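Okay, structure first, notes after.
The values are calculated or read from the model by the stated rules, or taken from the named source; none is laboratory data. Because the structure is a prediction, the values reported are computed rather than measured. Glycine also receives a Cβ, built like all others from the backbone with ideal geometry; neighbour counts cover every protein chain displayed. Keep in mind that these areas ignore ligands, DNA and RNA; they rest on the heavy atoms of the full protein, side chains included. Shrake-Rupley method; radii C 1.70, N 1.55, O 1.52, S 1.80 Å.
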Amino acid sequence: MTATAPTTAPAQATEEIQDAGHVDVLIVGAGVSGIGAAYHLRDQLPDRTFVILDAQDNPGGTWWTHRYPGVRSDSDLFTYGYRFKPWRGPSIAAGEEILAYLGEVIDEYGLDQYIRYQHRVTAASWSTEDCRWTVEVTRGDTGQRLRFTTGFLWMCQGYYNHAKPYRPEWDGMDRFQGLVVHPQRWPEDLDVAGKRVVVIGSGATAATLIPAIAEKAQHVTMLQRSPTYFYAPPTTHELAVMLGPLDLPDEWMHEIMRRQYITQYHWLARASFEAPDELHEFLIESMRPLLPEGFDIDKHFTPRYRPWQQRIAVVPDGDLFAALREGKASVVTDTIETFTEHGIKVSSGEEIPADIVVTATGFNLSVFGDVAFTVDGEPVDFTQHLTWRGVMISGLPNMAYTFGYFRHSWTLRVDMVSDLVGRLLTTMQDTRATMVVPTLRPQDTDMQLRPWSDPENFNSGYVMRSQHIMFKQGDREPWTHMLEHDEEREILPKADLDDGTLVYR
Ligand SMILES: Cc1cc2nc3c(=O)[nH]c(=O)nc-3n(C[C@H](O)[C@H](O)[C@H](O)COP(=O)(O)OP(=O)(O)OC[C@H]3O[C@@H](n4cnc5c(N)ncnc54)[C@H](O)[C@@H]3O)c2cc1C
């Protein structure tokens, strides 16, 4: 039996389509990216009219979709928070604290009036003749179909399908008598008290969920096919503890801690390339004293990939390991052979009993929110297009997108991309251009194309599963999508908007 969060089924779409008006800029998505984009747009170009459309009924994107027990950030909130709004809590925050922070941004900067919830964008068509996008929307609550037009489309839709989580089908699932739930659709009333829970997966979601439910459940088993890297920093950084008695202004504290974390994460990222074996050793050895005596760390916690080739799961204060030490949770590293009536049988022959199975198996990546794009009547096949600095797409006029970092806080890139888009819109205004489109220069046409994410660099499951539907990158700037903040923070603010790769009309 599969359980999901109670959601209202979207209303049937109506045939008739109503005109919803024109805006200068239309932002898709009211998550961290869309809220950040809206703040910066108002700050830098206050005369522009704009609207933010989101399919969900609340802001927050990821943090509204994921409300399972224990949901929290992996990143510190000084860098996951925006540069313009100080974070005042401990470094690692719960999902609802992040929602509250985003809610404060919306309130303080009066953004609510621009957000339209339950507005799913289904299609976006560019007309060169009219020099505008026509954006089709279906309302989730009424089924009403709307048509907006806009001069500039800013896609802040995130990277995965919020409505359809990724869950593989395993043999025997239909005969399992217990409940199967996905963290992306966690039922609000699910009570784990006294239950035997098996969590399939060992990424960040499993690592945060397990300590949160281990207290109440009879037992929680983390069932993983292969191990993940974990890192157990303190919930509050020691520097923040030291600075606490100085009673610094919030802005100072935010900036100091941002610099501290940026430096720390740069060190980690650099070490993952320059000294991967040493970093591997460091991560494994820092876990060892936190694990129960005799724990088979080689089998369960020694990954076979380079650190940071997939996300390192953060376990603040080592709470996952505490659950293991206390015997409330355990780890099985094996492949699933079949579900049985009362649990899961793995290849070794062991049957793990379960009342509830949580499939922490990740996402279905979605390209630009599954919006059907056309340019002058031609459907856009993104696999035939290239990224321009991870901000625009070749051949798509007047369209930008915000995509954060994998290895650093997503939001560091939200602020930087927003600055670039602001600069681009200002350039267009100053030069009286109404259209800008990334276009390959003659010297770029024989460029070697590379996948959107180089598997050697970053190869998480959801990224690898989706390479075939993603746009590509080239072998030189500006046709690349940089993954390192320390490199990009030097380059993006100075990016030449008149280097011939952006064609203005
Ligand atoms: C549990 C969890 C923990 C995470 N922790 C971290 C972390 O600690 N640090 C970090 O850097 N990253 C983390 N991430 C990654 C996280 O997704 C990003 O940090 C960030 O939240 C992405 O924000 P976003 O606004 O770009 O996209 P999202 O949060 O995905 O929001 C996109 C919004 O766009 C809307 N949308 C999409 N398509 C359409 C459409 N067609 N029409 C209308 N609306 C649409 C969606 O409804 C959604 O509300 C985490 C992810 C998860 C799932």
Legend entry - Residue within the stretch 402-416 that is at negative phi, open to solvent by 10 Å² or more (accessible area, probe 1.4 Å) and more than 16 Å from the ligand (Cβ to nearest atom) present: no
Inset, instruction - Within the stretch 96-108, identify whether any single residue is in contact with a Lys or Arg (Cβ under 7 Å, 6 or more places away or on another chain), among the hydrophobic types (A, V, I, L, M, F, W, C) and not in a strand (DSSP E or B), and answer yes or no. - result: yes
Inset, instruction - Kindly establish whether Val421 is surrounded by 19 or more Cβ atoms within 10 Å (Cβ to Cβ) and over 27 Å from Leu268 (Cα atoms). - result: yes
Inset, instruction - Working only within the stretch 370-413, note down all residues that are in contact with a Pro (Cβ under 8 Å, 6 or more places away or on another chain) and polar (S, T, N, Q). - result: Ser394
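If you go through the stretch 28-67 one residue at a time, how many are in a loop (DSSP other than H, G, I, E, B) and near the ligand (Cβ under 8 Å from one of its atoms)?
Residues in the stretch 28-67 being in a loop (DSSP other than H, G, I, E, B) and near the ligand (Cβ under 8 Å from one of its atoms): 10 in total.
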Inset, instruction - State yes or no: is Cys156 touching a strand residue (DSSP E or B) at 6+ places or on another chain (Cβ under 9 Å) and more than 15 Å from the ligand (Cβ to nearest atom)? - result: no
Inset, instruction - Kindly indicate whether any position in the stretch 82-89 is open to solvent by 20 Å² or more (accessible area, probe 1.4 Å) and free of Cβ contacts under 8 Å to residues at least 40 places away in the same chain. - result: yes
Inset, instruction - Note down all Cβ pairs under 9 Å where the first residue falls in the stretch 287-299 and is closer than 17 Å to Asp319 by Cβ and open to solvent by 80 Å² or more (accessible area, probe 1.4 Å), the second is part of a loop (DSSP other than H, G, I, E, B) and of a type outside the set (S, T, N, Q), and they're at least six residues apart or on different chains. - result: Arg288/Phe295
Legend entry - Subset of the stretch 314-363 (residues that are touching a helix residue (DSSP H, G or I) at 6+ places or on another chain (Cβ under 6 Å), away from the ligand (no atom under 16 Å from the Cβ) and part of a loop (DSSP other than H, G, I, E, B)): Lys328, Glu341
Inset, instruction - For residues that are within 11 Å of the ligand (Cβ to nearest atom) and open to solvent by 50 Å² or more (accessible area, probe 1.4 Å), scanning just the stretch 119-138, find the one that is nearest to Asp370 (Cα to Cα). - result: Thr122
Legend entry - Options Val421, Val437; residue that is in a helix (DSSP H, G or I), among the aliphatic types (A, V, I, L, M) and either within 16 Å of the ligand (Cβ to nearest atom) or over 19 Å from Lys494 (Cβ atoms) (or both): Val421
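Yes/no per residue for (1) of a type in the set (A, V, I, L, M, F, W, C); (2) touching a residue at least 40 places away in the same chain (Cβ under 8 Å); (3) within 30 Å of Pro316 (Cβ to Cβ):
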position: Ile52; (1), (2), (3): yes, yes, no
position: Ala55; (1), (2), (3): yes, yes, no
position: Trp64; (1), (2), (3): yes, no, yes
position: Tyr80; (1), (2), (3): no, yes, yes
position: Ala94; (1), (2), (3): yes, no, yes
Inset, instruction - Kindly check whether there is at least one residue in the stretch 194-210 that is surrounded by fewer than 19 Cβ atoms within 10 Å (Cβ to Cβ) and in a loop (DSSP other than H, G, I, E, B). - result: yes
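Have a look at Ala214, Ala240 and point out the one that is closer than 23 Å to Pro289 by Cβ, among the aliphatic types (A, V, I, L, M) and open to solvent by less than 70 Å² (accessible area, probe 1.4 Å).
Ala214
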